[in-house]
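Read the structure below first, then the notes.
Derivation of every value follows stated rules applied to the coordinates shown; laboratory data play no part. Since the model is a prediction, treat every value here as computed from it, not as a measurement. Positions of Cβ are backbone-derived with ideal geometry, glycine not excepted, and every protein chain shown enters the neighbour counts.
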Amino acid sequence: MNFPQVIKINRIIEETPTVKTFIFPWEVTDETPGQFLMLWNFADEKPMSISIIDPVNDEIGVSVKMVGTFTKSLHKLQENDKLGLRGPYGNGFEIAGSRVLAVGGGIGMAPISAFTEEASRRGVEVDVVTAATTKGEILFQERLEITGANVLPTTDDGSHGFCGFATELAEKLIKNEDYDMMVVCGPEIMMKKLFAISNRYQLPGQFSLERYMKCALGICGQCCVDDVGWRICVEGPVLWTDQLKMVTEFGNYRRDSSGIKKTF
Amino acid sequence: MLEVEICDIKMKNPTVLAAGVLGSTAASLNWAARSGAGAVVTKSFGMEPNKGYPNPTTVEVEGGIINAIGLSNPGVENFRKELEKLEGKVPQIASIYGSTPEEFAHIASRVENMVDALELNISCPHAMEGCGASIGQNPDLTTQVVKAVKKSVKSPVIVKLTPNVTDIVEIAQAAEDGGADALTLINSLGPGMRIDLETARPVLSNRFGGMSGPAIKPVALHCVYQVHQRVNLPIMGVGGIMNGNDVVEFLYAGASCVQIGTAVMYRGMEVFSRINSSLQKFMTDKGYQTVEEMVGLAHE
């Protein structure tokens, strides 16, 4: 039933100065990386990507970057405080191929980390680019190294790992390595460039989109994208490159809570 | 076999995408049209952009959902840009709301040339003060709004009524007095609410909202039945329709066609073509040649 379950926070991990991961007890069944939960703080409710799916300890986690009023209120929470969770919703990433390039920009690393853990468990070789503006904001490097994935940090200011944008590193890797697929989540401007790269090198990819959401049930229409009309909460948030080709608004604009277009 | 006509609008089948379900963009309306809907209704829009209520705006309950989206929309001028992108494969109906007869008339005149008909939302159970059901629960206001719109446009005017009144026939007659061309029965039922046990808080940020889905079907059917008996206007039936058999019930009760809403959540956009093929099978089995033959049979 699509009703928020109010759950005590098991643990909180301070990932970076601006990102915290909240872990909840959760009977893991068929949750897949790339899906999202609606988080209710009893004043507002917003979609958050699942960043940890742990069927062994029966836990689920979301990583939250502090960007506005809602996320600020989440960052004030302590262990044992409660939040409402409903979901999971949407189509997650498909795990396909034997060698995958995963690219996460900023908090986009949340679903990418869940993907990398699951894909690695299944024996898929993953090169994961974790991109941030600076060293202190790099997400999940150690956690992903444990999975056996090849973790490639990149920072805009060169303070850690590759110096430059995720897009530059990804293009270098695609040129030199032999991947079956790429998976991407991050700022749409970054994804747009990676989409162009995936087309240029004919590397199929899956991209996780973000749109303003209200119901998350596929009925309110708030997250429908042009020109296909698909609902990001149901037909997305993860779309394959051949689907994304039909999403003409991708990389150009999105709609706010009243439905007015906002360009990127 | 499935073709119907309502207010001179020809539809290839009697299933219409209901207002408020997707429909905020041309893309989603075009998608519904391509998926088999016989006509589409936009999400309601008003004079100015409106953000609606904060989340949570929707919660599932047994037999449906309760929503209080709060009529979020980009306003008539922005919405005109969406209407320009409609493919026109099926008849298009603009759902509009306002707080005065003048507002309704103004919005209607801004879009009438871009659509085949207008549907007046005087029935939203969680609209802001002065809008929605606060108009549709008052027969005089209902007549005034319909009159004002009819005076300002040539397009057919369909009036969507709320079931949350003592006597829906009285309101239907008030709409008829104003010159309505057709009625849509019913908007969501309620208001209703759900409260979380852990925190003792209402789940919806607006605390209450309108109930839709299979649980309200019996109420909707009764409204259609009653109004068909007493008012001489074609009716679009809506409320909890999930499958072809539900459509048949509404036709028998007196609806000329139906609108589909919450079923899109349960069955996806494919719901239109699925319902149509099941309706067609029913008609073949029973020997009906046209949808029209079935309208109002429960009254004989």
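Stretch A:Met246-A:Val28 to full length: gain in nm at 0.36 nm per residue minus the Cα-Cα span?
Gain on stretching A:Met246 to A:Val28: 75.1 nm.
If you plug each phi of region B:102-115 into the Karplus form 6.51 cos²θ - 1.76 cosθ + 1.60 with θ = phi - 60°, what whole-Hz ³J(HN,Hα) values come out, in order, with x for Gly and Pro?
Values per residue, Gly and Pro as x: 5, 4, 4, 5, 4, 4, 4, 6, 6, 10, 4, 6, 9, 9 Hz.
Separation between the B:Ser109 and A:Asp58 pseudo-spin-labels, each 7 Å from Cα along Cα→Cβ, expressed in nm?
Roughly 6.5 nm, to one decimal.
Which whole-number value in Å³ per residue fits the convex hull of the alpha carbons of chain A?
So the per-residue hull volume is 120 Å³.
Pop out the ³J(HN,Hα) list for region B:227-244 in order, Karplus 6.51 cos²θ - 1.76 cosθ + 1.60 with θ = phi - 60°, rounded to Hz; leave Gly and Pro as x.
5, 4, 5, 10, 10, 9, 10, x, 10, 9, x, 8, x, x, 6, 10, 8, x
For A:Ile260 and B:His299, what is the calculated FRET efficiency with R₀ set at 56 Å and r taken between the beta-carbons, to the nearest 0.05?
0.75
Given R₀ = 25 Å, FRET efficiency for B:Glu77-A:Thr133 by Cβ-Cβ distance, to 0.05? Present the calculation step by step, with values, prior to reporting the outcome.
Values: r = 39 Å, r/R0 = 1.54.
About 0.05, to the nearest 0.05.
Mind listing the long-range amide H neighbours of B:Val61? Cut-off is under 5 Å, sequence gap 5 or more, other chains count too, H placed in the peptide plane at 1.01 Å from N.
Close amide H contacts, sequence-distant or interchain: B:Ile66.
Taking 0.36 nm per intervening residue step and subtracting the Cα-Cα distance, what contour gain separates A:Lys172 from A:Ile13 on full extension?
Gain on stretching A:Lys172 to A:Ile13: 54.0 nm.
Given bins 20 angstrom wide, list per bin the percent of all Cα-Cα distances in chain B, short to long.
Going from the shortest bin to the longest, the percentages are 38, 59, 4.
What does region B:229-300 give for Rg and for Dmax, in Å, if only its C-alpha atoms count?
Final numbers for Rg and Dmax: 12.2, 35 Å.
Roughly what percent of Cα-Cα pairs across region A:97-160 reach past 18 Å?
Beyond 18 Å sits 27 percent of the P(r) for region A:97-160.
Students often forget the sequence filter, so: which aspartates and glutamates lie under 18 Å Cα-Cα from A:Lys175 once same-chain residues fewer than 8 apart are removed?
Filter leaves A:Glu125, A:Asp127.
What whole-number distance in Å separates the alpha-carbon centres of region B:176-203 and region B:276-300?
Computed from Cα coordinates, the inter-centre distance equals 30 Å.
For region A:159-264, which trypsin sites (Lys or Arg not before Pro) are in a loop by DSSP, counting at most 16 other Cβ atoms within 10 Å?
For trypsin sites (Lys or Arg not before Pro) across region A:159-264 that sit outside H, G, I, E and B with at most 16 neighbouring Cβ atoms in 10 Å, the list reads A:Lys245.
Which are the unpartnered cysteines of the protein assembly as shown, meaning those with no other cysteine Cβ under 4.7 Å from their Cβ?
A:Cys163, A:Cys185, A:Cys223, A:Cys224, A:Cys233, B:Cys7, B:Cys124, B:Cys131, B:Cys223, B:Cys257
For peptide B:49-55, what's the mean number of Cβ atoms from other chains within 10 Å of each residue's Cβ?
6
Quick check: the distance between the Cα centres of region A:133-199 and region A:210-235, to the nearest angstrom?
Result: 27 Å between the Cα centres.
I want to make sure I understand the PRE zone here: with the label point 7 angstrom from the Cα of A:His75 toward its beta carbon, which residues in region A:100-126 have backbone N atoms less than 14 Å away?
What the label zone holds, given the 14 Å backbone N cut-off, is A:107.
In the P(r) worked out for the protein assembly as shown, what percent of Cα pairs fall beyond 38 Å?
Pairs farther apart than 38 Å: 34 percent.
What translational D, rounded to a whole number of µm²/s, comes out for region A:8-52 from Stokes-Einstein when the hydrodynamic radius is the Kirkwood one over Cα pairs, at 10 °C and 1.306 mPa s?
Translational diffusion coefficient: 133 µm²/s.
For B:Thr166 and B:Glu292, what does the FRET efficiency come to when R0 = 56 Å and r is the distance between their Cβ atoms, rounded to the nearest 0.05?
Efficiency for this residue pair is about 0.95.
Using all C-alpha to C-alpha distances in region A:113-264, build P(r) with 5 Å bins and read off the rounded percent in each one.
Going out from 0 Å in 5 Å bins, region A:113-264 shows 2, 9, 17, 19, 19, 15, 12, 6, 1, 0 percent.
Count neighbours as other Cβ atoms within 10 Å of each site's Cβ, and list the GluC sites (Glu not before Pro) in region B:222-297 that are DSSP loop with at most 15 such neighbours.
Loop-located and lightly packed - B:Glu270.
Which value in deg cm²/dmol, rounded to the nearest 500, describes the helix-derived mean residue ellipticity at 222 nm for chain A, given -39,500 (n - 2.57) per DSSP H run of n ≥ 4 and division by the residue count?
It comes out at -6000 deg cm²/dmol, rounded to the nearest 500.
Work out, step by step, the length gained on full extension between B:Arg230 and B:Tyr266: first 0.36 nm times the residue separation, then minus their alpha carbon distance; give nm to one decimal.
Separation in residues times 0.36 nm, less the Cα-Cα distance, equals 9.6 nm.
If you take the Cα Rg of region B:174-229 and divide it by 2.2 N^0.38 Å, with N the number of residues, what do you get?
In units of the 2.2 N^0.38 Å rule of thumb, it is 1.57.
How are the C-alpha pair distances of region B:102-243 spread across 5 Å bins, as whole percents from the shortest bin up?
2, 11, 19, 21, 18, 14, 8, 4, 2, 1, 0
Using a 10 Å cut-off around each Cβ of peptide A:209-219, what is the average number of partner chain Cβ atoms that fall inside?
On the way: counts 0, 0, 0, 1, 2, 11, 10, 4, 9, 7, 15.
The per-residue average across the peptide is 5.
Based on the Cα atoms of region B:1-142, what semi-axes does the equivalent ellipsoid have, where each is the square root of 5 times one gyration tensor eigenvalue, given in whole Å with the largest first?
The three semi-axes for region B:1-142 are 23, 19, 16 Å.
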